[in-house]
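The numbers here are math on the coordinates, done by the rules we state, and not lab data. The model shown is predicted, which means the values in this text are computed figures rather than measured ones. Quick reminder, even Gly has a Cβ in these numbers, built from the backbone with ideal geometry, and neighbours come from all protein chains shown.
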Amino acid sequence: MEDHREDPPTGLVAALARARSPERPGPDTPAGATVRAWAGPPRPIPEAGPGRLDLRTLLRLSLAASDPSGRLRPTPSAGALHPVDTELVVGTGCSLPPGRYGYDPLCHRVHHVGPPVDGTPPGVTAALSVTAQRTVSHYGHRAWPLLLLDTGHATAALLLAARVLGADQCDVRMDGRAENPLAVVRIPPPDGRSPRSPAETADLPTPADLLARRSTPPPLPGLPPRDALRAVLATAERAGEGGLLRWCAAVGPPRPGLMELAPEGTALRHYASGEARPTLAAWAAGQAWFADAGAVLLARGCPTDADTAHIRRAHLRAGFAVHLAQLTALRHGLAARPVGSWQQADLGAALGAAPGRDWVVHALALGTRHADEENPT
Ligand SMILES: Cc1cc2nc3c(=O)[nH]c(=O)nc-3n(C[C@H](O)[C@H](O)[C@H](O)COP(=O)(O)O)c2cc1C
């Protein structure tokens, strides 16, 4: 049987170099099945009894298809191709008996694929991998960075859903060392402590926020208010692994340039002047609307000499952080859309630093829903 989870035959380092080149993908090829063919019959996810981790709601809020065509999910995905597959290793304290299950997001059902492995911890461990063919079908040689970014988004979606359900002690692993799974989220069962205080839940999205999340269709004009831009950057910085990625926002008039969070994290500051958005639009597969986006959050790093683990980690983390940043943006009333296809986007070199050190890895285009917002200068 063909294994669509494997890294590209030429290796990820070569695949990323090619994805960053100006070469255009060829015509579309078949995307294959939209869901992994898990063995065994599908079964519904039971309602959770008291004190049990509610897997039905967890998956509904994070990964379940949410429109009748079955294509749209609470997570965004490049080209809406949704390549991420999820296996659940269920321990004690959950609404399913212990065991290993494959998740079908279209039917919102699970397939029992095996008994629990020795040492399975209580709660659920979600292991995320990809069926590359889905994304390759449209993006061709540009697919691999997108597959990793998509996995990062899905990881963040699971984490947010878990937190909404009251699980604060989740463990996320995206170290980039393994190809399968690419990311793991461990969610413990409820610990029976008293409900969280309003202060503890102030920054959390609601279940409705998670289900309503959509990427705003382009164009996204309008400079975001300073506070909202600061909050989006702060979310990304917090979620990004320190040192792995750097974050900034490109803004347009009246003071075009790049902004970043000041070291103490409470203020925004300009650190480069000049209009960057048209160049970003050219680098982002020539998406012209990008040049008029109100602001563009940028994740940068992943140098040319990065090895496979570094490439995986940087892209997984960028997708994870941009997902959380998108929720922050939407909660601040902004329009927001992730943008993940980048060619020749050597931002460091464009700013006069050494080439090959500071590539754009992922981005979130931001705008206001009303054209006459205040400006962040
Ligand atoms: C990794 C990634 C890359 C994306 N790149 C682009 C892009 O280059 N241009 C664009 O318009 N949308 C892009 N999107 C947004 C997707 O098109 C969008 O998520 C998808 O159509 C599903 O719609 P939804 O987010 O509203 O659910 C990207 C999304 C992800 C997760």
**Asked** Listed highest first by mean packing, meaning other Cβ atoms within 10 Å per residue, what order do 256-269, 172-185 come in?
**Response** 172-185, 256-269
**Item:** Residue-span extension gain [A309 to A37] - 0.36 nm each, minus C-alpha spacing
**Value:** 95.1 nm
**Asked** Amide H of G114: which non-local residues (sequence gap of 5 or more, or other chain) have their own amide H closer than 5 Å, using H built in the peptide plane?
**Response** R100
**Request:** Could you run the Karplus curve 6.51 cos²θ - 1.76 cosθ + 1.60 with θ = phi - 60° over the range 323-333 and give me ³J(HN,Hα) per residue in whole Hz, x for Gly and Pro?
**Result:** 4, 4, 5, 5, 5, 4, 4, 5, 5, 8, x
**Request:** From the P(r) of the range 237-328, can you give the percent of Cα pairs sitting at distances over 19 Å?
**Result:** 47 percent
**Item:** Anisotropy class of the range 10-149 from Cα gyration tensor, a/c 1.5 cut
**Value:** prolate
**Fill in**
Site R238, offset 7 angstrom along Cα→Cβ, radius 12 Å on amide nitrogen, limited to the range 323-350, gives 324-325, 328-329
**Gained length - A80 relative to S197, 0.36 nm times residue gap less alpha-carbon distance** = 38.4 nm
**Item:** Normalised alpha carbon radius of gyration of the range 225-270 [divisor 2.2 N^0.38 Å]
**Value:** 1.11
**Asked** In the neighborhood of A350, defined by Cβ-to-Cβ distances under 15 Å, what is the net charge if each Lys or Arg adds +1 and each Asp or Glu adds -1?
**Response** +2
**Prompt:** Short version: ³J(HN,Hα) in whole Hz for each residue of the range 115-124, in order, from phi by Karplus 6.51 cos²θ - 1.76 cosθ + 1.60 (θ = phi - 60°), x for Gly and Pro, what are they?
**Reply:** x, x, 7, 4, x, 4, x, x, x, 10
**Item:** Stretch gain in nm, segment E179-T29, where the contour uses 0.36 nm per residue and the Cα spacing is subtracted
**Value:** 51.6 nm
**Request:** Let me know the shape class of the range 262-312, please: from the alpha-carbon gyration tensor, a ≥ b ≥ c as square roots of the eigenvalues, rounded when a/c is under 1.5, otherwise prolate if a/b is greater than b/c, or oblate.
**Result:** oblate
**Request:** Pull out a ≥ b ≥ c, the square roots of the eigenvalues of the alpha-carbon gyration tensor of the range 278-373, then state rounded if a/c is under 1.5, prolate if not and a/b is larger than b/c, and oblate in the remaining case.
**Result:** oblate
**Prompt:** Taking the alpha-carbon set of the chain, what are its Rg and Dmax in Å?
**Reply:** 20.3, 61
